[in-house]
Amino acid sequence: MKLLSIKLCNFRQFYGTTPEIFLASDGKNTTMIHGNNGSGKTTLLNAFTWVLYEKFTAAFIAPQLLINKRAIMQVDIGTSVNCWVEIHFEHEHKRYKVKRQCYACLDQDGKIQYSQNKLFMSIIDEDGRYYPTLQQPNDIINRILPESLHQYFFFDGEHIDHIFRSNDKSRIAEDTKELLGVKVLDRSIDHLKKVEKILEGELKIIGDINIKKKLKEKTKLEQEQNSLQEKQQNIIETIKSQDIEQQEISQRLINLSKNEEIKNLKIKLEKQESNLKNEIRDAKKQIKSRISSQGYLIFLSNVIPKFSKIITDLRQRGELPSGIKKQFVEQLLKSQTCICGQELIEGNIHYEKVKQWMDKAGIAAIEESAIRLESQVNEMENKVINFWDNIDEKQGKLEKSRVELSNVERELDDINQKFRHYPDIEIRQLQKSLDKIKQTIRELRLEQGGIQQQLSTVEKQIETLDKEVNKQKLKEEKQILAKRRIEAAREARKRLIEVRSRLEKQFRLSLEKRVQSIFSSISFTPYLPRLSQDYELNLIENTSGKAVNVAASTGENQILSLSFIGGIIDSVRNLSQKNTLMGPDSSTFPVVMDSPFGSLDEIYRRQVAKSIPKLANQLIILVTKTQWRGEVQEETNNYIGKEYVLVYYSPKPNCEKDTICLNGVDYPLVEQSPNEFEYTEIIEVHHLNPVVNDEVSNSG
């Protein structure tokens, strides 16, 4: 899972819709978010856990109050206010949009009433189109990063050691089993035990349909279907008109630009972007077509050797091919004359000797079929090789096109960034209009995807009703294979128990070794972490030759906890890279941490700051000004790809303002609120590259 962006609307301190917060990855993998205490750092951390898992950290006070106070107080009683969090993330070359939202309103007693929150998920293709997922959003998220492990990837640094308190140790063991896949084995063992009992009974499916009621439901669904199709068509027409306007503005922008190099590069890159998207779309179609028409070949790998062995055995026994054909022997007996001239009269010795060849002779039709089959099988083997070669070639081209598209999009974004900061105000306005149109198209396609999802649901409901009207479900009894299935379930359960025992022991020792390595790289003490069979994490001192438990300080507990999390991340990554069927379905993981340096002294702060960007593929850190200054700034600066500031607006009269200096620019941390409400805004810290700076200064 690679987090791409997050956006909030009326979520706690954040009033209205925030700008989209884009998150760093790859080389500069760290996103730094600055904010004072109370400005919304913990809220931002919990926005991730809420949208993905509907969970909150222990430090998140009053989790039942999600709606922004200003938003709810400025509307009439009974009027609903929307509250949502939306994130975009990438996994296995697929982009996902996940949104969780709820509604709130004030009742007559002045109390806030909330609706049930809802979770939505869409897949975004290379053209920016949104498609509904075929599986439940929760299932997809839990397959990529299980809910039981989320606390190790989204955590409050100041309270991280709480995870390892004595009353939570049993939960840590359970969470680690989930990571390892042991929980899958536990569930499988329990399930097999239940299956044994289920198979002993009778399986019945009872159908009873009220035809009139079903027909009425179908009519209502068909009306809804027509309405959705009309909306879909209107959106398609709007997107077309927006596309035309986008092309016109883009052309005007290119014509106005005085920098020929940028102009030509933009034209070239836009053409490359269009071509690459077409190539990716065509490659996907070709791969699907190939698999659809020849995918069956891969299942012949085990059958072909068996056939070859049968033919080889027949040849070794002399049965294929045979020198004498059965039809030839029959003809001799019928003519009553051998090829040597001897009479073959039924009952004499010569007749019986020739007749014995009937059992030894071959059948011409069988031999011809065997030879023809052998030839076809040889062709099949070549087809299997050609199939994989073709698929590998097309997958390679697809991956190459994706990499090229990513590079082209990055270059185009750099050019657009230059136009956003261009000295000519008309060019800046055109780029702003272009950005707005792109956002509009994006939102329309999102709406289009939602309508398509509704249409698919309605169509399936209509199809189901048709089947229910046309036929009734039949009652079946599945008892014939029950005994054999019960025996198979018992044997499978016995073997799974043995696998679970071996896997737990091997993994625990491997995890302990990795935690020790990370802890030693950060701590200057001679202590080593020790992981018990119950996954109890302790520090031991072994200088006297005897292992003795050590009472860890607050700082050491925090480092110990970070080391455990680093070991967890490494273990998940290794499991996924080994293509295990039980571990999480990912090899890239984000870590979002709030105030990870709070209880550390200067030395440990530096060591932790130096280590954490290397622990995860992607890092999002929320810090106060005090935690950021000095060694943390020095050690993390080279890893920062994105940077933001949380500006807190205080309604307190004559409140003391505060700022933070980043890259030589002062950014506000605390401002006076223009009304009686407190709220927070998010602003981006700009890192202009030297090329843009030179161009702006030369134009001035």
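Bear in mind these aren't lab numbers, they're just calculated from the coordinates by the rules spelled out. Keep in mind it's a predicted model, so treat the numbers as computed, not measured. Note that each Cβ is placed from the backbone with ideal geometry, even for glycine, and that neighbours are counted across all protein chains shown.
At-a-glance table
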read-out	value
Surface/4 estimate of mean projected area, convex hull on alpha-carbon atoms of the range 584-661, nm²	7.3
Global geometry of the range 92-157, whether rounded, prolate or oblate, following the gyration tensor of its Cα atoms and the 1.5 cut on a/c	oblate
Local net charge near Ala547, Cβ-Cβ under 10 Å (Lys/Arg +1, Asp/Glu -1)	+1
Stokes-Einstein translational diffusion, the range 11-104 - Kirkwood Rh over all Cα pairs, 0.890 mPa s, 25 °C, in µm²/s	164
Coarse-grained scattering of the range 1-158 at q = 0.21 Å⁻¹, given as base-10 log I(q)/I(0) from a Debye sum over alpha-carbon atoms	-1.50
Three-way shape call for the range 227-290 based on the alpha-carbon gyration tensor, with the a/c threshold at 1.5	oblate
Fewest-first sequence of Cys661, Cys9, Cys655 by Cβ atoms within 10 Å of each Cβ	Cys661, Cys655, Cys9
Positive-end residue of Met73, Val51, Cys83, charge dipole of the range 35-124 with Cβ unit charges	Val51
Cα shape, the range 487-576, gyration tensor, a/c 1.5 rule	prolate
Protection proxy ranking of 44-53, 386-395 - average other beta-carbon atoms within 10 Å, highest first	44-53, 386-395
